[in-house]
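Okay, structure first, notes after.
The values are calculated or read from the model by the stated rules, or taken from the named source; none is laboratory data. Computed from a predicted structure; not experimentally measured. Because the Cβ atoms are built from the backbone with ideal geometry, glycine has one as well, and the counts that use them run over all protein chains shown. Accessible surface is based on the protein model in full, side chains and every heavy atom, while ligands, DNA and RNA are left aside. Shrake-Rupley method; radii C 1.70, N 1.55, O 1.52, S 1.80 Å.
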Amino acid sequence: MYFRVDETTRRKARTPHELAMVNLILFNLLIGVALLAGSMAQPDSTIGRFKWVGVAIPLAVSLALITLTWLRSRRPGESMAWFVSIHWRLAAARYRLILITYLVCAAILSIALVGKHDEARIAAQVRDLPPAMQEMERRKLESQDMGSAVWARIGVVPLLLAVMVTIMLESGAIYQAGRGEVPDALARRFPPPAGLTGSTGDTP
């Protein structure tokens, strides 16, 4: 549904979607890069030791931006135009896919963490074994580390897919905001104020 709103209002309505694009392209892709780099790095390397820090920082920033968008969508304030507040709600709704993906990735990564054994404990057990058994235990440890790396790489896949889908949705939302358009479902759920009428054509 299209509404006759001025250019300033349209520009403000693009803001939540532009903020979402920054979040998706910068911070969410950085999470994926950190997970992939950490899964490929040696455990004793700098990247291997600080891989979870590399994941936690962009994740925290992303969650902060999602929270900001959600708060702005629920508490628009009296000065915010209806058209702008609807687009904040739309941006907040699009984040649901990302939040669900965070939970899926966490579940996949937890499989790797649960299956991983304590290296110091295994080394203590290997110390008193015969040389042949020590080599077998070392290979077992290496295979376990490889398994955790595989799970980490699998965990990146749903995140990257969700990011790509949400980027396409938000690109369309930026275009809609620039044309003065609001999805019909949102316009019916949150009717416009009196005096602001919409049309179903290409222009209001």
* Asked: Which value, in debye to the nearest 20, describes the size of the charge dipole of segment 1-82 about its Cα centre when Lys and Arg Cβ atoms bear +1, Asp and Glu Cβ atoms bear -1, and nothing else is charged?
  -> 220
* Taking segment 69-111 as the region of interest, what is the percent of Cα-Cα pairs per 5 angstrom bin, listed from the shortest bin to the one with the maximum distance? -> 5, 23, 21, 14, 10, 11, 7, 5, 3, 1
* List S62, S45, ordered by accessible area with a 1.4 Å probe, largest first -> S45, S62
* In whole Å, what is the distance between the alpha-carbon centres of segment 1-52 and segment 160-189? -> 17
